[in-house]
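What follows draws every value from the coordinates through simple rules; no lab data is involved. Remember, it's a predicted structure, so these values are computed and weren't measured experimentally. Note that we place each Cβ from the backbone using ideal geometry, even for glycine, and neighbour counts take in every protein chain shown.
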Amino acid sequence: MNRNQVLPQVQLSADPSALKRVDFCAPQSYKGAGFLSISDLPRLAEEASTVVSGDGFHWELETHFEDSPGAEPRQILNLGLEGRLHLICQRCLQDCAIDLDEKRRFILVTTEEEAEDFPLEDEEQEPLVVSQQFNLLETIEDEVLLSIPLIPKHPEGFCEPRASVFGVEDDEEAPVERENPFNILKNMKKN
Ligand SMILES: [Zn+2]
């Protein structure tokens, strides 16, 4: 019998603080969605150059069990992230909106040893060590941080013009310094 039909599916709360303690060892699966603003994600808030209304990330998540031959069924977690934050553009040094739309798939394990059994660099088999009080909020934040570009930039041609380069023209020659007329008078009196 398919394990998913036997186990209850629990609706996850969209409240950010409830996401800090999720029991992934209980015999149940999860489903949920919500929105996290930049202020809910302190490490991301440190990276953000500015926060504009609407900045933040929609998340969507579900877990289920998959049969694996000769072993206990594996618990799979699918996570979707979609949203925006602002970073400094490394070309023009102005605020730049970065849009993310990411999908992740994890195999949930309960020990580091189990996680080490999975080959590295295999995105389809990425293990995630979970617990009875797993901090899902931190994991969502980790995934956003891993998804932001190393060198954020506006799309080609969308940078702010730089005043120092294209602005002030410098054709006129500097005025020749003339001797102060009062100094001329002083010198005349001396003579
Ligand atoms: Zn730019």
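Rounded to whole numbers, the Karplus 3J(HN,Hα) couplings from phi for region 67-72 are 5, 10, x, x, 8, 4 Hz, using 6.51 cos²θ - 1.76 cosθ + 1.60 with θ = phi - 60°, and x at Gly and Pro. As a rough footprinting exposure proxy, the listed residues 74, 43 were ranked by other beta carbons within 10 Å of their own, and the order from fewest upward is 43, 74. Close amide-amide hydrogen proximity is noted between residue 109 and 128, 129, 130, each under 5 Å apart and 5 or more residues distant or on a separate chain (H modeled in the peptide plane; Pro and chain starts excluded).
Taking 12 Å as the straight-line reach from the Cα of residue 153, the aspartates and glutamates in range (excluding those fewer than 8 positions away in the same chain) are 95, 99. Backbone phi angles across region 29-37, fed through the Karplus curve with coefficients 6.51, -1.76 and 1.60 (θ = phi - 60°), yield HN-Hα couplings of 10, 10, 8, x, 7, x, 10, 10, 7 Hz in residue order; Gly and Pro are listed as x. With contacts taken as Cα pairs under 8 Å and at least 6 residues apart, region 3-161 reaches a relative contact order of 23 percent. Between residue 37 and residue 52, the contour length at 0.36 nm per residue exceeds the Cα-Cα span by 4.4 nm.
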